[in-house]
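Heads up, the thing below is written out as structure tokens.
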Amino acid sequence: MKKNTFLRLFLHKIRKALQFKHKVPEEDRIAIALGKWVGSGKWALGCSLGELAQEFGVTPSALSAYFRKRFSKSFPQWRRDIRIEEAKKLLELDRKMPTELVGEAVGISDRSNFKRLFKAATGKTPSQWRSEHQLHI
């Protein structure tokens, strides 16, 4: 009986050690999930920090801390910056696409809000930015 108890205890310790070695740190799990989330284009959809945290399987406070530590900005600020960068690309690539449709494509459906956010980030309206950044092919 003693031999069996020792064996069970030994196997339990091995299992715990293996679980510990294979446990991915929360920060790494967030980075992986965020990379997939960005790659899928979900940044253009409206979702809260809480909804995103739930999707990633972490707490909202852990996700908020990750954004502050990794990007030195809040989740809404980070998402807005991604949206503006994508809007810049669309403005360059499709000169005929109306600016309000560019805003919608990047998740900012209100025309005046898109113009205001874009100008705050770039110093120019979307139309001004487009005319100064033409792709010459």
remark   = Pseudo-spin-label distance residue 95 to residue 133, built 7 Å along Cα→Cβ, given in nm, is 1.6 nm
key: region 25-45-region 58-86 distance, computed between alpha-carbon centres (Å)   = 11 Å
query = Hey, which of these cross-link pairs are over 27 Å Cα-Cα: 36/124; 23/89; 36/96; 42/69; 36/89?
reply = 36/124; 23/89; 36/96
task = Please give the contour-minus-distance gain from residue 124 to residue 85: 0.36 nm per residue of separation, less the Cα-Cα distance, rounded to one decimal in nm.
result = 12.7 nm
ask   = Between residue 68 and residue 24, how many nm apart are label points set 7 Å from Cα along the C-beta direction?
value = 2.5 nm
query = Which order results if 108, 84, 32 are arranged by neighbouring Cβ count within 10 Å, fewest first?
reply = 32, 84, 108
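Readers should treat all values here as calculations from the given coordinates under stated rules, not as data from a laboratory. For clarity, every value in this text was computed on a predicted model and none was experimentally measured. A quick note on method: Cβ atoms are made from the backbone with ideal geometry, for glycine too, and the neighbour counts reach across all protein chains shown.
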